[in-house]
Amino acid sequence: MRSRYHEFSYAWRIVIASALGIGLGMSPIPIYTLGVFAQPLSAEFGWRIDLVFAALPVLTLCALVLSPLAGLLVDRIGVRVVAVGSVLGFGLGLMLHALNPGSFALYLLTWAVIAVLGGGTLPITWTRAINNWFSDCRGLALGCSLVATGVFGIIAKVYVAYLLEVVGWRLAFVGLGLLPLLIALPAAYFLFRDTSDPKVPRGKKPASQEDHSDGGMKGMSTKQVFRDWRFWLLCSCFVAISFGVGGTIPNLENLFGSKGFSRVDAVQLASLIGISVVVGRLAGGYLIDRIWAPAVAVVLLILPAASCYFLMQGSLTYTSAAVSVLLIGLAAGAEQDLMAFLVAKYFGMKSYGVVYGVMYSSFALGAGSGPWVLGRVYEATGTYDVILGYLVAAFVIGALPFLFLGKYRDFQVNG
């Protein structure tokens with residue numbers, strides 16, 4: 001009897017390459033390392049800390065525009081070319097910061113260049129190949145690949161902090177750029193290929209795709225997808241969920257400080273997010289292979305509503321705060337796995353790049369605006385309680401509509 005995990009025996013290289021590409025790409029690296037660079041840049045150039053963090057809105061805006069374009073390139077010229085070129089561009093782009101003489105405009109422009117050069121390192125590229133190589137274990141394979149965002153994000157943060165102490169911020173940017181060039185680039189070049197790649201031996205392809213000259217790229221056209229109410233429902237859901245998750249996580253330390261926790265306790269509590277994101281990635285991926293994915297989505301993505309309710313309470317205990325962080329992390333870990341899985345299941349792989357790219361733009365819209373909105377509300381009111389009440393509703397409204405998606409589409413029959 002064939003093992004349920006047999007797909008890993010011939011596609012493990014794709015998972016490893018994807019994990020390294022995602023983990024050392026544009027999705028986690030700026031978010032996890034920018035805070036480490038903030039103080040040195042502020043000290044040398046006199047920039048306010050909030051100006052240093054202006055890089056994140058620039059990246060978010062670029063992601064809104066570039067995600068669909070990156071997806072279109074993936075659909076047109078293939079994942080390997082886009083992956084290799086983008087990893088190279090992303091690494092070199094990070095190094096450009098070392099040349100900044102103190103110009104804030106050049107600083108923001110460099111981040112925009114990084115977004116353009118490295119747009120193909122976003123999960124769009126890598127998850128397309130994962131979806132094509134895996135069927136029985138698709139969710140778990142996506143989870144194993146996407147879990148790298150948290151793992152390598154933490155590693156990169158520690159690595160950059162060390163470089164800052166030893167060689168200063170300019171060479172720290174050079175050292176950061178070397179990570180994708182020395183680790184992700186060789187993996188993408190030697191290990192990463194889609195099922196439609198002619199260099200993949202016929203006997204090494206998934207059995208379900210052996211007889212398809214187009215690499216099994218079945219599904220709906222872009223025009224059909226954009227006319228489907230399910231697509232716009234999913235986009236709306238991911239805006240609401242990513243706004244809540246993405247807005248809460250960067251504000252956790254300040255939130256706990258406003259509740260009377262010491263700086264040490266606040267940092268310890270916020271650090272729990274990394275553990276639960278890893279668990280959410282792997283557990284979510286495992287579950288959606290076995291249970292109807294929309295049901296898994298509702299359970300995992302509605303959990304932060306309880307977190308926000310707990311965090312609103314005046315008498316917040318250390319235990320309830322820790323539970324709240326863990327629940328938010330589970331949702332943060334599951335959301336991108338679910339996005340890639342649901343796109344493949346409901347719209348197929350024919351236009352996966354563009355479809356995922358547009359949906360990722362909706363995700364970026366929520367995640368990019370959330371931190372700023374929460375911060376502004378806190379500055380205006382002196383408390384997070386007001387916005388947390390709205391986030392309870394956002395998580396409920398964002399999670400429950402997944403139940404309306406219906407059964408998966410069978411593109412092998414209806415292609």
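Here are the numbers for this structure:
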| read-out | value |
| --- | --- |
| Counted residues, region 56-77 - those being of a type in the set (V, I, T) and open to solvent by 70 Å² or more (accessible area, probe 1.4 Å) | 2 |
| Unique residue being touching a Cys at 6+ places or on another chain (Cβ under 7 Å), assigned to a helix (DSSP H, G or I), crowded, with 22+ Cβ neighbours inside 10 Å and in contact (Cβ under 8 Å) with a residue 40 or more places away in the chain when the list is A188, A115 | A115 |
| Candidate set from region 96-107 (those that are touching a residue at least 40 places away in the same chain (Cβ under 8 Å) and open to solvent by less than 40 Å² (accessible area, probe 1.4 Å)); member that is farthest from I22 (Cα to Cα) | G102 |
| Flag for A54 being of a type in the set (A, V, I, L, M, F, W, C) and farther than 25 Å from L182 by Cβ | yes |
| Verdict on V87 being open to solvent by less than 10 Å² (accessible area, probe 1.4 Å), at pLDDT below 90, aliphatic (A, V, I, L, M) and under 30 Å from S351 (Cβ atoms) | no |
| Test: residue in region 13-21 that is out of contact with any strand residue (DSSP E or B) (no Cβ under 7 Å at 6 or more places or on another chain), surrounded by 18 or more Cβ atoms within 10 Å (Cβ to Cβ) and more than 22 Å from G150 (Cβ to Cβ) | no |
| Residues of region 352-398 satisfying the condition of being of a type in the set (G, A, S), surrounded by 20 or more Cβ atoms within 10 Å (Cβ to Cβ) and not in a helix (DSSP H, G or I) | none |
| Some residue of region 143-154 being more than 16 Å from the chain's Cα centre (by Cα) and either among the charged types (D, E, K, R) or part of a helix (DSSP H, G or I) (or both) | no |
| Enumeration of residues in region 360-415 that are among the aromatic types (F, W, Y) and closer than 30 Å to K345 by Cα | Y360, F363, F395, F402, F404, Y408, F411 |
| Scan of region 156-172 for residues that are over 22 Å from the mean Cα position of the chain (by Cα) and open to solvent by less than 10 Å² (accessible area, probe 1.4 Å), ordered by number | A172 |
| Conditions (1) modelled with pLDDT of 90 or more; (2) under 24 Å from S258 (Cα atoms); (3) open to solvent by 10 Å² or more (accessible area, probe 1.4 Å); number of the one not met by K345 | (2) |
| Per-region count, region 227-257, residues farther than 22 Å from L56 by Cβ and either in contact with a Cys (Cβ under 6 Å, 6 or more places away or on another chain) or touching a residue at least 60 places away in the same chain (Cβ under 8 Å) (or both) | 7 |
| Residue tally, condition part of a helix (DSSP H, G or I), farther than 23 Å from D197 by Cβ and of a type in the set (D, E, K, R), over region 38-80 | 2 |
| Inter-residue pairs, beta-carbon under 7 Å, first closer than 16 Å to R128 by Cβ and in region 317-345, second assigned to a helix (DSSP H, G or I) and polar (S, T, N, Q), 6+ apart | A340/T127; A340/N131; A344/N131 |
| Hits in region 7-63 (condition: among the acidic types (D, E) and within 30 Å of L282 (Cβ to Cβ)) | E7 |
| Residues of region 1-37 satisfying the condition of being assigned to a helix (DSSP H, G or I), in contact with a helix residue (DSSP H, G or I) (Cβ under 7 Å, 6 or more places away or on another chain) and of a type in the set (S, T, N, Q) | S18, T33 |
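Okay, residues lined up against (1) within 18 Å of T33 (Cα to Cα); (2) surrounded by fewer than 23 Cβ atoms within 10 Å (Cβ to Cβ); (3) in contact with a Phe, Trp or Tyr (Cβ under 6 Å, 6 or more places away or on another chain):
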residue: L122; (1), (2), (3): yes, no, no
residue: R128; (1), (2), (3): no, no, yes
residue: N132; (1), (2), (3): no, no, no
residue: A141; (1), (2), (3): no, no, yes
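The values are calculated or read from the model by the stated rules, or taken from the named source; none is laboratory data. Keep in mind it's a predicted model, so treat the numbers as computed, not measured. Glycine gets a Cβ as well: all are built from the backbone with ideal geometry, and neighbour counts include every protein chain shown. We work out accessible area using only protein heavy atoms, side chains counted, and drop any ligands, DNA or RNA first. Shrake-Rupley method; radii C 1.70, N 1.55, O 1.52, S 1.80 Å.
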